[in-house]
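Just so it is clear, none of the values below were taken in a lab; they were calculated from the coordinates. What you are looking at is a predicted structure, and each value in this text was computed from that prediction instead of being measured. Here Cβ is always computed from backbone atoms with ideal geometry, including for glycine, and neighbour counts include all displayed protein chains.
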Amino acid sequence: MILVTGGAGYIGSHTVRELRKSGFEPLIFDNFSTGHRAFVGDTPCVEGDIRNPEDLTVAFSRYPIEGVMHFAGKALVGESHVEPELYFEVNVTGGCNLLEAMNRTGVKRFIFSSTCATYGEPATVPIGEDTPQQPISPYGETKLKFEQALKHAHYTDGLEYLSLRYFNAAGADADGGIGEDHAVETHLIPLIFDAALGRRKDIAILGTDYPTPDGTCIRDYIHVTDLAKAHVMGMQSLITGGIQSQALNLGTGKGCSVREVIEMAKKITKKAFPVRETSRREGDPPMLVAAVDRAKEVLGWTAATSDLDQIIASAWTWHCHHFQNHE
Ligand code: UDP
């Protein structure tokens, strides 16, 4: 079985679905602090917290785990500035608890949900994996620390791992039922949809004076199903062997500005909604776009469903269905 921590969350639940499609047996481990019970379905699940080693012991002693995909963690840049200790406790200490549990039971394959936030504000784009990692938020710092812990676990304990550094995850599974629903929403695409549905009065563009062609931030949006597939391919490669433990970027290699995302959302939703231009959000780099050759070389993976219209159309379908059924 493949243990999927955070398997009831946004990216975790999509990966559970892809694992099953590829013939793996996932086991979800989630404390449901932000994950959704409705996303679990009939997948086996242990309710537990990575900060409690006993909870991990339950999972590792009861199930025949052959690999781990680690999504559980705190993932909001803004919150990490307010509660940095919590981010270190969950993302670093919790992650190390997981490594210890694996070490005790001889489980050697690990895929880590890392982030482009470990790069900080790189001077040049596209951003290759060898770009110096200089995070500018406690969130990015904790993800980098855990990447380093993995490197050491590789040398000392023989752990075989991939750290997958995502750019901007977005979109939803075409089969429905799972998608992006954060208790506190800070992400651009779901916030635009809330404005389109009248759940908020407008969408704010956070900064129009960036050194980019239209003055707004540029991001590399990657469909969550593409991300999920990369995880499955990564685990398959770790199982068959012949792959080196390393970090890989997951993105499209193409950037879209905030204005371009809003325009595409207007086209797809066919809704008019107010757009307000306001000041920058602290800590937002002007441009984050991935260099994607290495994931292609190592895994044979490239984004397949991550054109902006595909991302926005799939996310819109989910958003309408989910929020209209829950209110
Ligand atoms: N953004 C925006 N308005 C919002 C939320 C986000 O203009 O209400 C911008 C933000 O400045 C960033 C981009 O949209 O440039 C993507 O932000 P998001 O929070 O979705 O992801 P992040 O890049 O922070 O991981």
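Table for the structure above
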quantity: Beta bridges per DSSP with both ends in the range 173-293, % antiparallel, nearest 5; calculated: 25 percent
quantity: Protection proxy ranking, peptides 212-225, 1-14, average beta carbon neighbours within 10 Å, highest first; calculated: 1-14, 212-225
quantity: Whole-Hz couplings from phi, Karplus 6.51/-1.76/1.60, listed for the range 235-245; x for Gly and Pro; calculated: 5, 4, 5, 5, 6, 6, x, x, 10, 8, 5
quantity: Cleavage-rule hits (GluC sites (Glu not before Pro)) in the range 255-294: DSSP loop, at most 12 neighbouring Cβ within 10 angstrom; calculated: Glu282
quantity: Amide H within-cut-off set for Phe29, under 5 Å, with H built and near neighbours excluded; calculated: Val4, Thr5, Gly6, Gly7, Val46
quantity: GNM top mover of Gly251, Gly95, Gly242 - the chain, alpha-carbon springs below 10 Å; calculated: Gly242
quantity: Highest to lowest packing among 44-55, 19-30, scored as the average C-beta count within 10 Å; calculated: 19-30, 44-55
quantity: Aspartates and glutamates whose Cα lies under 14 Å from that of Lys108, excluding same-chain neighbours fewer than 8 positions away; calculated: Glu66, Glu100, Asp157, Glu160
quantity: Between 0 and 90°, nearest 10: helix 95-105 axis offset from the chain longest Cα axis; calculated: 30 degrees
quantity: Interatomic Cα distance distribution for the chain, bins of 10 angstrom, percent; calculated: 6, 27, 37, 23, 7, 1
quantity: Charge dipole (debye, nearest 20) of the chain; +1 at Cβ of Lys and Arg, -1 at Cβ of Asp and Glu; calculated: 460 debye
quantity: Pair-distance profile P(r), taking every C-alpha pair of the range 1-81, with 10 angstrom steps and integer %; calculated: 19, 53, 23, 4, 0
quantity: Cα-based reach from Lys201 at 27 Å (exclusive), listing lysines while leaving out same-chain residues under 8 positions away; calculated: Lys266, Lys267, Lys270, Lys271
